[in-house]
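The values are calculated or read from the model by the stated rules, or taken from the named source; none is laboratory data. These figures come from a predicted structure and were not determined experimentally. Cβ sites come from the backbone with ideal geometry, for glycine too, and all protein chains shown count toward neighbours. Side chains included, ligands, DNA and RNA excluded: accessible areas come from the protein's heavy atoms. Shrake-Rupley method; radii C 1.70, N 1.55, O 1.52, S 1.80 Å.
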Protein chains: 2
Amino acid sequence: MQIIDGKATSLAIQDEIKEEVQRRVADGAKKPHLAAIIVGDNPASRAYVGHKIKACERVGFDSTLVELSENILEEQLLDEVQALNEDPAIDGFIVQLPLPDQIDAQRVLEAVLPSKDVDGFHPINAGNLSLGLPGFQPATPAGIIELLKRYSIETSGKHAVILGRSAIVGTPMTLLLSRNANPGNCTVTMCHSRTQNLDEITRSADILVAAIGRPHFVTPDMVKPGAVVIDVGINRIPDATKKSGTRLTGDVDAEGLSDVDGHITPVPGGVGPMTIAMLLKNTLDAAAQS
Amino acid sequence: MQIIDGKATSLAIQDEIKEEVQRRVADGAKKPHLAAIIVGDNPASRAYVGHKIKACERVGFDSTLVELSENILEEQLLDEVQALNEDPAIDGFIVQLPLPDQIDAQRVLEAVLPSKDVDGFHPINAGNLSLGLPGFQPATPAGIIELLKRYSIETSGKHAVILGRSAIVGTPMTLLLSRNANPGNCTVTMCHSRTQNLDEITRSADILVAAIGRPHFVTPDMVKPGAVVIDVGINRIPDATKKSGTRLTGDVDAEGLSDVDGHITPVPGGVGPMTIAMLLKNTLDAAAQS
């Protein structure tokens, strides 16, 4: 399999964004400004948010990290969201998930002003995507579309099979790949835990997107030679050869596929870095519109 | 094929709605009130709106028809929408499509208050559907789900093939059939004009939804014996045996399928009448929430 290098592509996009920011600042505009709200001390969440803040620095954005206690009440969190909604200095912001149990995450996501919702999680942005209208798209599926585009992968008339129907990956991926656009115009089959004869379906895929969160779920016998395999999974599995005792792996048995003809996104270094690039791109767009 | 009788099912639902209205009125509530805006003199549009108003009378709703000139300006139409948004007597309303060329239909649909958007066309309602959240669903796909439910058709794990990717039928149908619900939990394949090997795909369908607007596009060789065929097409074709010289027909060659095992929705009398029932249901729900 040929590697689709998400890390290099992400860095190339970040370079383009950096140049665009410099151009705008030279024209007298202010720097784009991304804020992130993080609640509690979940190490994975802290790491994700840290990557995002660092990426802001790399491209010349301003950034603000709002750190809140694990014990915060929903109303207090909604007040913080409202403050960012109303702050003219902030172009876009995210609320890092998951949120603690005392908080209705959906209510918080719906409180974010759609024009600052650079994660694309607000129903109005989900609706715009579903209707083919402009709006912020969730970073992971948007990043996959960008990878297909930059690797000049033909999608029109191809059969895309999506494993997973989540609101942030599987569902928007289905919508984006099926729409009348380029990349797009795929015949798309959406699969999930109730799907029967899954192997047969995945073997007919020209483009296979795995977004189920199960390590090495996609085995070589499930993949058609020549297919483009997009591995969205980020799973931590035991690995005695690592100092930490664990390593990251995808939903696809990439090692088993190494001798098969086709393309694959590695884990790490595939889809993951693209989500950061697309978050920055959304923030750049938000700044241009504000 | 066994007939799925949309007309009888629609009338049964309308009876249920009528009883519910009587119950509510007996409890001191006001009657639900649906308004419809119609622009110009398109005979098909007038007929559709006429059916909707008549159905309101049948179930005991109040109704208001707002008839506007073909030459109305967009701003004037937006004022009419705003007036209905603000009128506490109106529970829900629709803007009959198509609209004349001088009007940006999307802008008008987005001006409808989401809580009165009983057609389910506002982006926030499309987004709620996409995210699996409560909201008004477009009447045609919601009507199909209701038919599958009332005919006790098993959908979990079945392969549904959707022909057409429109915002009001194909796309929401894909989302509703794939979600984790009953009816739902289908593996769904979304096909469109760019799909290759279409016949092969449709022959694998346990549930086949045709929503492309081409008379008799689905021929018997495209259908697996035992399949459930949902015909959304409403096409007017020449017919010298009719007084009008034309008749209505679907996207499916139903006559050719008559000896095949399975289920089919006829045209007319299948999906069409269900859209009216679901519009009334949405209006009843809007009244309950207001």
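Structure notes:
- Area buried, chain A against chain B - accessible surface, total, 1.4 angstrom probe, square angstrom: 2600 Å²
- Phi-based couplings in Hz for the stretch B:143-152 (Karplus 6.51, -1.76, 1.60; Gly and Pro marked x): x, 5, 4, 5, 4, 4, 5, 6, 9, 6
- In units of the compact-protein estimate 2.2 N^0.38 Å, the stretch B:139-272 shows a Cα radius of gyration of 1.01.
- Cubic angstrom per residue, convex hull over Cα atoms of chain A: 137 Å³
- Normalised per residue, the accessible area of the stretch A:27-115 is 51 Å², obtained with a 1.4 Å probe and no contribution from ligands, DNA or RNA.
- Test item: Cα-centred dipole of chain B, Lys/Arg +1 and Asp/Glu -1 on Cβ, debye: 600 debye
- Applied to the stretch A:172-186, the Karplus parametrisation 6.51 cos²θ - 1.76 cosθ + 1.60 on θ = phi - 60° returns per-residue 3J(HN,Hα) values of x, 4, 4, 5, 5, 6, 8, 6, 7, 7, 10, x, x, 6, 7 Hz, with x for Gly and Pro.
- Percent RCO, i.e. relative contact order, over chain B, from Cα pairs under 8 Å lying at least 6 residues apart: 21 percent
- Peptides B:142-150, B:183-191, ordered by how many other C-beta atoms sit within 10 Å of their residues on average, highest first, read B:183-191, B:142-150.
- Listed by chain and number, the aspartates and glutamates placed with their C-alpha closer than 15 angstrom to that of A:K281 are A:D15, A:E16, A:E19, A:E20, A:E57, A:D62, A:D91, A:D117, A:D119, A:E146; residues fewer than eight positions away on the same chain are left out.
- Unit charges on C-beta of K, R, D, E only; dipole of the protein assembly as shown, Debye: 880 debye
- Averaged per residue, the stretch B:139-272 has 41 square angstrom of accessible surface, using a 1.4 angstrom probe with ligands and nucleic acids left out.
- Potential lengthening between A:S69 and A:K54 on full extension [0.36 nm per residue; Cα-Cα distance subtracted]: 3.2 nm
- For A:V228, the residues 5 or more places off, or on other chains, whose built amide H falls under 5 Å of its own are A:I207, A:L208, A:H263.
- Gyration tensor verdict on the protein assembly as shown (Cα atoms; rounded if a/c is under 1.5, prolate if a/b is larger than b/c, oblate otherwise): oblate
- For chain A, the share of accessible area belonging to carbon and sulfur comes to 50 percent (1.4 Å probe, ligands and nucleic acids excluded).
- Unit charges at the beta carbon, dipole of the protein assembly as shown: most positive-side option, A:G135, B:G157, B:V49: B:G157
- Residues in the stretch A:123-143 that, when all protein chains are in place, have 10 Å² or more less accessible area than the chain alone would give (probe 1.4 Å): A:P123, A:I124, A:A126, A:G127, A:N128, A:S130, A:L131, A:L133
- Förster-model FRET efficiency, 60 Å R0, A:T246 and B:A105, C-beta, rounded to 0.05: 0.65
- Seen against the Cα atoms of chain B and their longest principal axis, helix B:43-59 is set at about 70 degrees.
- Its DSSP H runs of at least 4 residues, each contributing -39,500 (n - 2.57), put the calculated 222 nm mean residue ellipticity of chain A at -12500 deg cm²/dmol, to the nearest 500.
- Cα centroid separation, the stretch A:1-48 to the stretch A:152-211: 27 Å.
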